[in-house]
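Take a look at the structure set out below.
The values are calculated or read from the model by the stated rules, or taken from the named source; none is laboratory data. What you see is a predicted model; the values in this text were computed from it and never measured. When we count neighbours, we look across all protein chains shown, and the Cβ atoms used for this are built from the backbone with ideal geometry, even at glycine. Calculation scope for accessible area: heavy atoms of the full protein, side chains included, ligands and nucleic acids excluded. Shrake-Rupley method; radii C 1.70, N 1.55, O 1.52, S 1.80 Å.
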Amino acid sequence: MKEYRSLALIIIAIFVILLAGAWFSPTFEEQKTYLELFILMGALLFIFSVLVIFATIGFGSFTLYMAVFLVIVMQMYGIEGAVIVVGMSYFVWGSIFAMEVLLFYNGLKSAHEWFKQRYTFKSFKYEYYAFYPMLWIASVFLEWIPSILYRESFLKFSPPKVLEEMKEILPER
């Protein structure tokens with residue numbers, strides 16, 4: 001954590017200097033310029049943060065594409081558009097991951113093969129924690145609600161049990 005302290009201080013210093021420049025500028029045009037720089041730095045920090053998160057989770061080839069796509073969307077629609085793109089990417093990939101986990105949990109052979117082909121235990125664990133809320137949302141929509149509607153018994157879903165089973169079948173690499 002200490003190695004990132006200087007980076008965090010530099011980022012905070014940049015934002016403080018830009019805000020101070022906007023506050024103490026004598027004309028409206030100078031204030032506007034400093035505030036535009038402040039917003040630009042925030043946008044760049046957002047794009048970089050998303051890039052680092054995707055790279056950490058394991059989407060190495062997808063990371064660069066996502067960063068370029070975010071820059072284009074941010075240029076066209078602003079930061080709100082970029083947040084929507086990130087949110088939708090999380091929702092779509094999280095839904096796919098959660099459905100596959102539910103299929104795996106219920107013993108479907110094709111789900112076992114899907115995870116064996118695409119994941120190591122380390123990469124699975126990253127996505128498992130990143131999409132943990134999506135596991136419960138998928139469980140509610142795909143297991144609980146149909147059980148209530150069709151008056152069937154509930155299937156108990158246990159995410160920690162999935163993690164333990166994955167540790168046994170996926171390679172450690």
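Structure notes:
Each row is one residue, and each column tells you yes or no for (1) within 27 Å of PHE54 (Cβ to Cβ); (2) open to solvent by 80 Å² or more (accessible area, probe 1.4 Å).
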{"residue": "ARG118", "(1), (2)": "yes, yes"}
{"residue": "ALA130", "(1), (2)": "yes, no"}
{"residue": "VAL140", "(1), (2)": "yes, no"}
{"residue": "SER153", "(1), (2)": "no, yes"}
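- Scan of region 158-173 for residues that are over 23 Å from the mean Cα position of the chain (by Cα) and open to solvent by less than 70 Å² (accessible area, probe 1.4 Å), ordered by number: GLU165, ILE169, PRO171
Table: residues versus (1) at pLDDT below 80; (2) over 16 Å from TRP93 (Cβ atoms); (3) open to solvent by less than 50 Å² (accessible area, probe 1.4 Å).
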position	(1), (2), (3)
ALA20	no, yes, yes
PHE24	no, yes, no
ILE57	yes, no, yes
PHE62	yes, no, no
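- For PHE38, the stated conditions do not hold, so it cannot be described as assigned to a helix (DSSP H, G or I), within 30 Å of GLU127 (Cβ to Cβ) and either aromatic (Phe, Trp, Tyr) or modelled with pLDDT of 85 or more (or both).
- Residue match in region 132-140 (condition: at pLDDT below 85 and among the aromatic types (Phe, Trp, Tyr)): no
- Inside region 104-145, residues that are hydrophobic (A, V, I, L, M, F, W, C) and either within 15 Å of PRO160 (Cα to Cα) or in contact with a strand residue (DSSP E or B) (Cβ under 6 Å, 6 or more places away or on another chain) (or both) make up a count of 8.
- Checking the stated criteria, PHE28 turns out not to satisfy the condition of being open to solvent by less than 80 Å² (accessible area, probe 1.4 Å), out of contact with any Lys or Arg (no Cβ under 7 Å at 6 or more places or on another chain) and either farther than 30 Å from ARG118 by Cβ or hydrophobic (A, V, I, L, M, F, W, C) (or both).
- Single residue of region 41-54 satisfying the filter (open to solvent by less than 70 Å² (accessible area, probe 1.4 Å) and not small (Gly, Ala, Ser)) that is nearest to GLU127 (Cα to Cα): PHE54
- Residues that are over 15 Å from TYR128 (Cβ atoms) and assigned to a loop (DSSP other than H, G, I, E, B) within region 143-171 comprise TYR150, ARG151, GLU152, SER153, PHE154, LEU155, LYS156, PRO171, listed in sequence order.
- Only one entry of MET66, MET74, MET88, MET134 meets the criterion of being out of contact with any Leu (no Cβ under 6 Å at 6 or more places or on another chain), of a type in the set (A, V, I, L, M), part of a helix (DSSP H, G or I) and open to solvent by 70 Å² or more (accessible area, probe 1.4 Å), and that entry is MET88.
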